[in-house]
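The values are calculated or read from the model by the stated rules, or taken from the named source; none is laboratory data. Values in this document were obtained by computation on a predicted structure and should not be read as measured data. In this analysis, Cβ positions are derived from the backbone assuming ideal geometry, glycine residues included, and neighbour counts consider all displayed protein chains.
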Amino acid sequence: MVEDIWHYQPELKDYYRQEKRMRDFELFLVRAYDEIFTDLLPKYCTGVEPSFDEEATNLFLDSLSLREAVLLKAKLEDEYDVELDFSYSALPSETIFYKEKISYKNLGSSGSHAKIQDLNNFSLSGEESFIWSDFPDARLESLSKGRTVLNAVSTAYNEIEELVFSVMKQLEGSQLTIRSDHGYVRHQPDYSFSMNSSDKKEVKDLLGGSRFIEEDEAASVPEGMENYIVSYNGYHMAKGRYVWPVAGKYKKFQHGGISLLECLTPVLNIVKK
């Protein structure tokens, strides 16, 4: 499904313009098959994470979405055997909940572990079982300040591509599995769902500048707001690509809600030829 919408384009600006096609497809699903967002995605996101391949090094890229995974697959295929699959984030679609879901602390203790904190200066033993990178999440928002969103996502993607090739070259083993904790939605009007002004105000009053809030910390969902909000497992979460402006600065790349590219996460299986 993803590769039917996101076709590889050599120019990143052309590739990321396909965001509008993804938005249109998701809007159709929200209108025709709302249970995907109210039932199916919550069910699978709160399910048990599949076991990890003990033969592979597992690289977690924070906030890597299926968009970038399609690009990475096309670039890696020249040198490696690559398969693209998908998994699920946690709910809410945030790092802390994903790490709890997969018991990441226990994963780290079951094999050698590394963390990439500097994209320009990192080295690996090559025998790690698990590697966590705060990128591209840490990069996307810092890059978006003072830049167009296209420049931000393009720069972040290029850096992630370099990181992945560097990791592959440092591996002693032959297999790398790339995973992500969650994806993201883009806040720009061309890529989000429209809302009337009164509904925006009601949703903003409930969720503020976030895409989720604990039910105990919020009022009940106002009547009619079920079109925009899913209440599940103790949280109110933004549905689909509904976003709303808030006073002051707000994030141009957001996650924590229930949309396809927040909840469906890439799994790239890479094997040296």
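Some notes on this structure:
- Scanning the stretch 50-88 for residues that are of a type in the set (Gly, Ala, Ser) and either surrounded by fewer than 19 Cβ atoms within 10 Å (Cβ to Cβ) or more than 22 Å from GLN18 (Cα to Cα) (or both) yields SER51, ALA56, ALA74, SER87.
- Filter result for the condition that a residue is over 25 Å from THR177 (Cα atoms) and at pLDDT below 95, over ARG17, ARG31: ARG17
- Selection of first residues in the stretch 12-24 that are exposed (fewer than 15 other Cβ atoms within 10 Å of the Cβ) and of second residues that are of a type in the set (D, E, K, R) and part of a helix (DSSP H, G or I), restricted to Cβ pairs under 9 Å at least 6 apart or on distinct chains, gives the following pairs, ordered by first then second residue: LYS20/ASP190.
- Index of the failed condition, VAL30 passing every other in (1) within 17 Å of the chain's Cα centre (by Cα); (2) buried (at least 18 other Cβ atoms within 10 Å of the Cβ): (1)
- Some residue of the stretch 89-111 being under 27 Å from ALA238 (Cβ atoms), surrounded by 16 or more Cβ atoms within 10 Å (Cβ to Cβ), at pLDDT 95 or above and among the aliphatic types (A, V, I, L, M): yes
- Exclusive hit being β-branched (Val, Ile, Thr), in contact with a Gly (Cβ under 9 Å, 6 or more places away or on another chain) and closer than 24 Å to ALA90 by Cβ, set VAL221, VAL230: VAL230
- Among the residues making up the stretch 148-169, those that are polar (S, T, N, Q) and crowded, with 17+ Cβ neighbours inside 10 Å are SER154, THR155.
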